[in-house]
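These notes concern the structure reproduced below.
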Amino acid sequence: MSVSNFIKQNFALVLGIALPVLLVGGFMLMAALPQKQGTPPEYTLLFSATKYQNNASGYNVDYVVKSGKVYARLTERKDNYSNYQRELFRFDGKTGSVQKIEPTLPDDLGEEKKLDVELEEFKNITLDTSSKSPDGYSLENSGYRSRGITGMVFGGGSGRYETILRHEKGYVVKLPEYSGSHYYGNLDFIGWVIPKKQ
């Protein structure tokens, strides 16, 4: 039996198999296109995320910007069980990579209840804390993405949190996970790194 005769005699069966495959392929293509339409972000994104620390330190850590400079805000811990610390990251849109920053911090607060420590790692940069970068990107924090049409049709996979940079023209760039950790459920925007003028 020729292929054309088989298709004619089993049109409903062929359509039932081909249509889901075409739909899945179309959805996958549409999902991939937005990330390939525009130029990558020119400005590095600085952000922090909460992580529980097993080894309790004497203070809590957060990150703030004052006059374009990054500071670690250290505050006295008032209990022995809540030891959630902010970890510091940067996302380079040109390389598509996330890097964890481990700043040098004091061992303790001494007599202080709160202390802002300027980070040596960022002394030579300036941060812009505007919600939109100079090249038109904005951070969209931690939207929950389902396993998608592929997962629903074929099974497998699970939903997860994803964070994206969306350009004002509509295309998006997804921030990758760091070491397989789903930390974007508690991400805080800090600012855009502005290069020094030559």
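Is the stretch 4-25 home to any residue that is under 18 Å from Leu127 (Cβ atoms) and at pLDDT below 90?
There is no residue in the stretch 4-25 that is under 18 Å from Leu127 (Cβ atoms) and at pLDDT below 90.
Scan the stretch 68-82 for residues that are aromatic (Phe, Trp, Tyr), part of a loop (DSSP other than H, G, I, E, B) and modelled with pLDDT of 85 or more and report the count. Reasoning before the result, please.
First, the residues of the stretch 68-82 that are aromatic (Phe, Trp, Tyr): 71, 81.
Applying the additional criterion that residues be part of a loop (DSSP other than H, G, I, E, B) yields 81.
The next check asks that each one be modelled with pLDDT of 85 or more; those that pass are none.
Final tally of qualifying residues: 0.
Could you list all residues from the stretch 26-53 that are modelled with pLDDT of 75 or more, among the charged types (D, E, K, R) and either closer than 22 Å to Gly170 by Cβ or in a helix (DSSP H, G or I) (or both)?
Within the stretch 26-53, Glu42 is the sole residue that qualifies.
Confirm whether Gly136 is surrounded by 13 or more Cβ atoms within 10 Å (Cβ to Cβ), modelled with pLDDT of 85 or more and touching a His at 6+ places or on another chain (Cβ under 7 Å). Reasoning before the result, please.
Numbers: surrounded by 13 or more Cβ atoms within 10 Å (Cβ to Cβ): yes; modelled with pLDDT of 85 or more: yes; touching a His at 6+ places or on another chain (Cβ under 7 Å): yes.
In short, yes.
So which residues in the stretch 106-130 are under 25 Å from the mean Cα position of the chain (by Cα), surrounded by 10 or more Cβ atoms within 10 Å (Cβ to Cβ) and assigned to a loop (DSSP other than H, G, I, E, B)?
Leu119, Ile125, Thr129, Ser130
So which residues in the stretch 92-105 are in a loop (DSSP other than H, G, I, E, B) and of a type in the set (Val, Ile, Thr)?
Thr95, Thr104 - these are the residues of the stretch 92-105 that are in a loop (DSSP other than H, G, I, E, B) and of a type in the set (Val, Ile, Thr).
Residue check: is Gln85 part of a strand (DSSP E or B), modelled with pLDDT under 85, under 26 Å from Tyr71 (Cβ atoms) and not charged (D, E, K, R)?
Yes.
The values are calculated or read from the model by the stated rules, or taken from the named source; none is laboratory data. All figures in this text were calculated on a predicted structure; none of them were measured in a lab. Note that each Cβ is placed from the backbone with ideal geometry, even for glycine, and that neighbours are counted across all protein chains shown.
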